[in-house]
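Data first, discussion second: the structure below is written as structure tokens.
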Amino acid sequence: GPVEVSGARVRTTLEGTTGTVEISIEIKGMDGPFVASCWSAAAPMSRGADGRWRARLDVANPPLWWPHTHGDPHRLPLTIHGPEDGEGEPFLIDLGHVGFRSIGCDRGPDGDGFALRINGVDVFCRGANWTNADLTRLPGEAADYEPLIRRARDAGMNMLRISGVMTRETPDFFDLCDRYGILVWLDEALANFDYDFNHLVNHKRLESSLRDYLRDIEAAPSLAVVCGGSEMAQQGAMLSLPESVWTSDWCTTTLPQLVADIRPDVIVVPNSPWGGALPFQPDKGVSHYYGVGAYMRPLEDARRANVRFATECLAFAQLPQPESMAANAGDARPGDEAWKRRVVRDLGADWDFEDTRDFYLGLLYGVDPARLRAEEPDRYVALSQAVPGEAMAATFAEWRRVGSVTRGGLVWFLGDLGPGFGWGVIDWQGAPKPAYHALRRAFRPVSVLITDEGLNGLRCHVLNERSDSPLAARLTLTAYAADGGVVIDGARDVALPGGGSLSVESAELFGIFFDVTCAYRFGTPA
């Protein structure tokens, strides 16, 4: 009709128990009056000298937006009502939904940590690095995003990272993350390169581009972190260049100022990884941790490295479910050239991520991967399907345990870009791989995680992340013999408030000495 609506700007803030919405919009072809409303609040809109209509709403005690692992991602409808038309119908502008949440970053007592606090609660961020809904089409519609984002939510993931090596995604992506309660780490689309930020034209183009993009997602509660890009600082530092070369004013000064102007409610990180004397140290700030994985460190390295927050981690050449093998492997068999061509690798490397997986196959199952591949290829495939999930589950148990300094880990990748044995825990056709199901267990908000403490036995870590639900349960620990008979067991009742956790030793549950970790070597393991 004759009414034209454009240029909507919506910003939300949360101060104490009051949520504030600020609206600015152009409405042509109708003179008003207009009233903006959100949940229990309503306010008349006023027209400024620039012709734009504005309103501020103060919403008392709104239900908060939470990552779905810790609460409900409440969103409230935002609308503008105008005068009735000739048929008595009120004029309505639907501005979608808004969510209210606070966010902070806890650096820990030593200043080297990185923990997101949502609504005053520390959140362990777990999830994956987003790829694309479809590499060939690069779609931006909700229908294309939704299956993958829903899969992420169903696996207990509460954060997705759009890495600097990927394309930006549309507001539909953020709207779905808003709806499903998934935090978003957004890298600027810069990666692996020594950019000339001092060139004025490039500098202004970057500013203008990012400013416009952030305005499109200005009200998205899911946006949690904006980062300057991926592995730019790491590249220079790993070439043994001085800090003056691998840092830039764009990442450390311009970016924080730009983001603060549009999204003052998000955390800014200059680059990923970042922190410490070297920007890629796992025990400082945010890191890309591949100790368990590409660097073939023992599983214990997940604790020894003192990881604070891994924005990338745990890359393996993931095999699909048995029913999806043909779509990914074709007629290729383990060990032949056609099989190897389907395995993901770093460009120029003389090894691939199947070599990484084979290392942990030998470590976890005590077999020779090369011999097994040659003599029992079907068993090799079956064990290889299981290995990444076991390594991931063990690593996240270390990181989520009571007393851990780690506050986040994002697997590299969520979904594969094409057929083959890629990093994704979901294959290119959208089907979960075995590792996806292992992560779904490891990521549960109400969990029991078990860690091997050597001479101290096993330790059971009981977690209840749901802030709104206390937990009353019975914790049991049972050891079985090879024939399935019970050797020893123990139990105790546990009660945890919302957001609570506790740690219980196996000796406390059993009530007597039992070498459950086979650490003392007094004889044949029971």
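Restrict the check to the range 6-23 and report whether at least one residue is of a type in the set (K, R) and under 30 Å from the mean Cα position of the chain (by Cα). Yes. The residues on offer are V266, V259, and the sole one that is more than 20 Å from the chain's Cα centre (by Cα) and within 18 Å of I162 (Cα to Cα) is V259.
Every residue in the range 335-350 that is modelled with pLDDT under 95 and in contact with a Lys or Arg (Cβ under 8 Å, 6 or more places away or on another chain), please. If the condition is that a residue be modelled with pLDDT under 95 and in contact with a Lys or Arg (Cβ under 8 Å, 6 or more places away or on another chain), then G335 is the only one that fits.
For the criterion of being part of a helix (DSSP H, G or I) and open to solvent by 80 Å² or more (accessible area, probe 1.4 Å), L439 fails. With the structure loaded, tell me whether A332 is touching a residue at least 40 places away in the same chain (Cβ under 8 Å) and surrounded by 13 or more Cβ atoms within 10 Å (Cβ to Cβ) or whether it fails that test. Against the criterion (touching a residue at least 40 places away in the same chain (Cβ under 8 Å) and surrounded by 13 or more Cβ atoms within 10 Å (Cβ to Cβ)), A332 does not qualify. Exactly one residue out of G108, G113, G127, G88 is more than 23 Å from T13 (Cβ to Cβ) and more than 24 Å from the chain's Cα centre (by Cα): that is G88.
The set of residues in the range 1-27 being open to solvent by 60 Å² or more (accessible area, probe 1.4 Å), in contact with a strand residue (DSSP E or B) (Cβ under 9 Å, 6 or more places away or on another chain) and not in a strand (DSSP E or B) consists of P2, T17. The set of residues from the range 54-65 being without any contact (Cβ under 8 Å) to a residue 40 or more places away in the chain, open to solvent by 20 Å² or more (accessible area, probe 1.4 Å) and in a strand (DSSP E or B) comprises R54, R56. As a summary of the residue check, L439 satisfies the conditions (1) more than 30 Å from A327 (Cβ to Cβ); (2) at pLDDT 95 or above; (3) under 29 Å from the mean Cα position of the chain (by Cα) except for the one numbered (1).
Quick grid of which residues meet (1) more than 21 Å from E375 (Cα to Cα); (2) within 23 Å of the chain's Cα centre (by Cα):
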{"position": "L299", "(1), (2)": "yes, yes"}
{"position": "Q318", "(1), (2)": "yes, yes"}
{"position": "E323", "(1), (2)": "yes, no"}
{"position": "A329", "(1), (2)": "no, no"}
{"position": "P334", "(1), (2)": "no, no"}
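Cβ-Cβ contacts under 6 Å between residues 6 or more apart (or on different chains), taken from a first residue in the range 25-44 that is touching a residue at least 60 places away in the same chain (Cβ under 8 Å) and farther than 12 Å from P83 by Cα to a second residue that is of a type in the set (V, I, T) and open to solvent by 40 Å² or more (accessible area, probe 1.4 Å), are listed as I27/V5. Among the conditions (1) of a type outside the set (S, T, N, Q); (2) open to solvent by less than 40 Å² (accessible area, probe 1.4 Å); (3) assigned to a strand (DSSP E or B); (4) out of contact with any Cys (no Cβ under 8 Å at 6 or more places or on another chain), H81 misses just one, which is (2). Considering the range 199-221, and only residues there that are assigned to a loop (DSSP other than H, G, I, E, B) and in contact with a Ser or Thr (Cβ under 8 Å, 6 or more places away or on another chain), the residue that is most open to solvent (accessible area, probe 1.4 Å) turns out to be A219.
Taking the criterion of being within 28 Å of G7 (Cβ to Cβ), without any contact (Cβ under 8 Å) to a residue 60 or more places away in the chain, touching a Lys or Arg at 6+ places or on another chain (Cβ under 9 Å) and among the aromatic types (F, W, Y), would at least one residue in the range 203-220 satisfy it? Among the residues of the range 203-220, at least one is within 28 Å of G7 (Cβ to Cβ), without any contact (Cβ under 8 Å) to a residue 60 or more places away in the chain, touching a Lys or Arg at 6+ places or on another chain (Cβ under 9 Å) and among the aromatic types (F, W, Y), which makes the answer yes.
For the range 485-494, state whether one or more residues are part of a loop (DSSP other than H, G, I, E, B), in contact (Cβ under 8 Å) with a residue 24 or more places away in the chain and surrounded by 13 or more Cβ atoms within 10 Å (Cβ to Cβ). No.
For the range 280-306, filtering for residues that are within 16 Å of V269 (Cβ to Cβ) and either in contact (Cβ under 8 Å) with a residue 12 or more places away in the chain or of a type in the set (D, E) (or both) leaves 8. Tell me yes or no: at least one residue of the range 91-106 is of a type in the set (F, W, Y) and part of a strand (DSSP E or B). The answer is yes, given that some residue of the range 91-106 is of a type in the set (F, W, Y) and part of a strand (DSSP E or B). Within the range 498-525, the set of residues being open to solvent by 80 Å² or more (accessible area, probe 1.4 Å) and either not charged (D, E, K, R) or not in a loop (DSSP other than H, G, I, E, B) (or both) comprises E508, I512, F513, Y520, F522, T524, P525. Among the residues making up the range 171-201, a single one is charged (D, E, K, R), over 18 Å from A152 (Cβ atoms) and touching a strand residue (DSSP E or B) at 6+ places or on another chain (Cβ under 8 Å): E188. Restricting attention to the range 453-466, the residues being out of contact with any strand residue (DSSP E or B) (no Cβ under 6 Å at 6 or more places or on another chain) and open to solvent by 30 Å² or more (accessible area, probe 1.4 Å) number 3. The condition (being on the phi < 0 side of the Ramachandran plot, out of contact with any strand residue (DSSP E or B) (no Cβ under 9 Å at 6 or more places or on another chain) and not charged (D, E, K, R)) is satisfied by just one residue among F443, F513: F513.
The values are calculated or read from the model by the stated rules, or taken from the named source; none is laboratory data. None of these values were measured; they are calculated from a predicted model. FYI the Cβ positions are ideal-geometry reconstructions off the backbone, even for glycines, and counts take in every protein chain you see. SASA here: full protein model, heavy atoms, side chains in, ligands and nucleic acids out. Shrake-Rupley method; radii C 1.70, N 1.55, O 1.52, S 1.80 Å.
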